[in-house]
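See below for the structure under consideration.
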Amino acid sequence: MGTVFLPGHHWGRYDLLWRVLAALGSGLAQLLALPPYGQWWLGPLSAALLFFAVAGSRPRRAAWLGALAGATLMVPLVSWQDIFGVDVWLAIAAAETVYFLPMAIGLALVGRLPGWPVWTAALWVAQEAVRARWPLGGFPWGKLAFAQPDTAFSGYAALGSSALVSFAVALTGALLLWTLLRTVAARGRTRLFAGSIGLAATAAIVAGGVLAPAIGRPAVDEQVTVGMVQGNVPNVGEMSVLGERMQVLENHADGVHELADSVREGSVPEPDMVLLPENASDIDPFRDPAARETIDAAADDIGVPMLWGISRFNDDGTRHVQSVVWDPEEGPGDHYDKRYLVPFGEYIPYRDFFTQFVERLEQVSSDAIPGTEPGALDVAGTTLGVGICFDVAFDRPVREAVDAGGQIIVIPTNNANYNFTGQSDQQLAITQLRAVEHGRPAVVTSTSGISAVVAPDGTVEYRSPEAEPDVHVAEVTAMDGPTVATRLGAGPEAVLAGLGLAAVAGAVVATRRRAARATGTAAVPDASNG
């Protein structure tokens, strides 16, 4: 990997055109790799094209080429945010695009070092790590890893979470580009050797991903029969998904009664528990007796514990987005509070400031408060690892829920605003990756779709229709013990991100030394002539 790209490198006569096309192609390839398109094999190509676009370029050019790639990806990827307004959608897309500028500059710098395929892959991890944390808690949508829900690459999630998957995808793309460039530049047997080395390394990465989940695989515990209720909501796709008062609650209670009827008829097995989505009640049952009676009646009818999503209001007008264990005999018990909230959807950051400019944000009349505890809930003798909706996009909530004893991953969600936009498909793909990461089945329960059952290898075993009521019973296997990724936590991400940033620092130092040597060499003839 000795080929390096010093400042001033050109890709032939039409250098700028090739770079622009490569940057556009990078963003487009990553977009198409992600759901709902699902052309996962384009993920490595995206990383390769971005490096091609910026290799050997100056920082300023690398920055705007990175912005071009980022915007090509992010503007269409988060277009479902237009439910809050075109301005909100474009502002979020612009904020996400910004992260591609320093990454592109970093790629141009590390391209000056031997071994650049490794450093470029590490920089992708660094970019995604920062983007998942800042600002406002981060927004990790569109990671390279999230286009690999059940592929050979997804296996790396079991060793190093989404960070190692992104690294493997980017490294594969960089190695393929390195192989192509070395093969074109070489001659005769050297060309064959260069191509063989690159392809062998790529094949090794793919094989490693296939084998990775077997390392430290969790142990099988017991079979659990799970009931799932998708009650649907009125006015699907509108900014307000609550509809008429108590309608969402009644829809989901009706689904539980339908399930109970099916059990009595013998058409489905009796579940050990029933899982319902985020916001399955549009009324706080702790403050509204009629809402509580509705849930109590559903619990009494089905006769097994339920996990019911509510918004629980506090005395100061704030609320918690909760999933509550509701027992048919004891009523409400333990609960999990959503930890990662959607800015401008579930709360308004800097409310007094932003509502001056965007009046419709006042429709979010109460601010949700994030929870702080892992979502490990005991339901019917099985510990569920719960992460509500947006939680699943972040590594930490599901990992900590599993580490606290979660045997089955459960993701209650409310995506009614986003039906048929691709957002639900994107979230399901992330959930598939979480299943592989922690070696556990995952159950998604949605108000209006997509509800799903995911096997520990990431394959989808059941998927509900969107914008329709749905009741389903599934057999899932509770698992015990952590995967390597669960044990290591954020460690692999920190190591890989640090590796990328260290390579940038090394490239800066090497460039300065090279410039100093060049200046010193140029000064020698002048001194001798003096």
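The values are calculated or read from the model by the stated rules, or taken from the named source; none is laboratory data. Just so you know, these numbers come straight off a predicted model, no measurement behind them. Note that we place each Cβ from the backbone using ideal geometry, even for glycine, and neighbour counts take in every protein chain shown.
Before moving on, here are some points about what is shown:
- Reported count of residues in segment 120-144, each being touching a strand residue (DSSP E or B) at 6+ places or on another chain (Cβ under 6 Å) and closer than 22 Å to A429 by Cα, is 0.
- Output for segment 312-348, where each listed residue is surrounded by 14 or more Cβ atoms within 10 Å (Cβ to Cβ), in contact with a strand residue (DSSP E or B) (Cβ under 8 Å, 6 or more places away or on another chain) and more than 23 Å from D300 (Cβ to Cβ): F313, R319, H320, V321, Y336, D337, K338, L341, E346, Y347
- So A442, is it buried (at least 24 other Cβ atoms within 10 Å of the Cβ) and farther than 28 Å from A174 by Cβ: yes
- Filtering L65, L50, L45 for residues that are crowded, with 19+ Cβ neighbours inside 10 Å, more than 24 Å from the chain's Cα centre (by Cα) and not small (G, A, S) leaves a single hit, L65.
- Checking Y340, Y336 one by one, the residue that is of a type outside the set (S, T, N, Q), under 26 Å from A253 (Cβ atoms) and touching a residue at least 12 places away in the same chain (Cβ under 8 Å) is Y336 and no other.
- Condition check for D284: charged (D, E, K, R), touching a strand residue (DSSP E or B) at 6+ places or on another chain (Cβ under 9 Å), assigned by TED's automatic domain parsing to the domain that holds Q247 and in a loop (DSSP other than H, G, I, E, B): yes
- Filter pass, I430 being more than 14 Å from P218 (Cβ to Cβ) and of a type outside the set (S, T, N, Q): yes
- Extreme residue, nearest to the chain's Cα centre (by Cα), among residues of segment 302-348 that are in a strand (DSSP E or B) and among the acidic types (D, E): D337
- Breaking point among (1) surrounded by fewer than 14 Cβ atoms within 10 Å (Cβ to Cβ); (2) within 18 Å of P370 (Cα to Cα); (3) modelled with pLDDT of 95 or more, for D300: (2)
- Considering segment 479-497, and only residues there that are within 17 Å of L171 (Cβ to Cβ) and touching a residue at least 12 places away in the same chain (Cβ under 8 Å), the residue that is surrounded by the fewest Cβ atoms within 10 Å (Cβ to Cβ) turns out to be P492.
Residues are listed down the side, and each one gets a yes or a no for (1) at pLDDT below 95; (2) touching a Phe, Trp or Tyr at 6+ places or on another chain (Cβ under 8 Å); (3) crowded, with 22+ Cβ neighbours inside 10 Å; (4) not in a loop (DSSP other than H, G, I, E, B):
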{"residue": "V220", "(1), (2), (3), (4)": "no, no, no, yes"}
{"residue": "V226", "(1), (2), (3), (4)": "no, no, yes, yes"}
{"residue": "M239", "(1), (2), (3), (4)": "yes, yes, no, no"}
{"residue": "S262", "(1), (2), (3), (4)": "no, no, no, yes"}
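- S57 outside any helix (DSSP H, G or I) and crowded, with 24+ Cβ neighbours inside 10 Å: yes
- Flag if E362 is part of a helix (DSSP H, G or I) and acidic (D, E): yes
- All of E461, E400 fail the test of being farther than 25 Å from R131 by Cα and not aliphatic (A, V, I, L, M), apart from E461.
- Flag for V54 being closer than 22 Å to V125 by Cα, without any contact (Cβ under 8 Å) to a residue 40 or more places away in the chain and assigned by TED's automatic domain parsing to the domain that holds W178: no
- Residue among A194, A201, A174 that is of a type in the set (A, V, I, L, M, F, W, C), more than 26 Å from R487 (Cα to Cα) and either in the same structural domain as P269 (by TED's automatic domain parsing) or modelled with pLDDT of 95 or more (or both): A174
- Here segment 457-478 is the region considered, the condition is being in contact with an Asp or Glu (Cβ under 6 Å, 6 or more places away or on another chain) and on the phi < 0 side of the Ramachandran plot, and the residue that is surrounded by the most Cβ atoms within 10 Å (Cβ to Cβ) is V471.
- A single member of S464, S424 is in contact (Cβ under 8 Å) with a residue 60 or more places away in the chain, in the same structural domain as I302 (by TED's automatic domain parsing) and under 30 Å from A260 (Cβ atoms), and it is S464.
- Residue match in segment 266-280 (condition: on the phi > 0 side of the Ramachandran plot, in contact (Cβ under 8 Å) with a residue 40 or more places away in the chain and either surrounded by fewer than 22 Cβ atoms within 10 Å (Cβ to Cβ) or hydrophobic (A, V, I, L, M, F, W, C) (or both)): no
- Scanning segment 151-171 for residues that are under 10 Å from L433 (Cα atoms) and under 14 Å from the mean Cα position of the chain (by Cα) yields S154, A157, S161, S162, V165.
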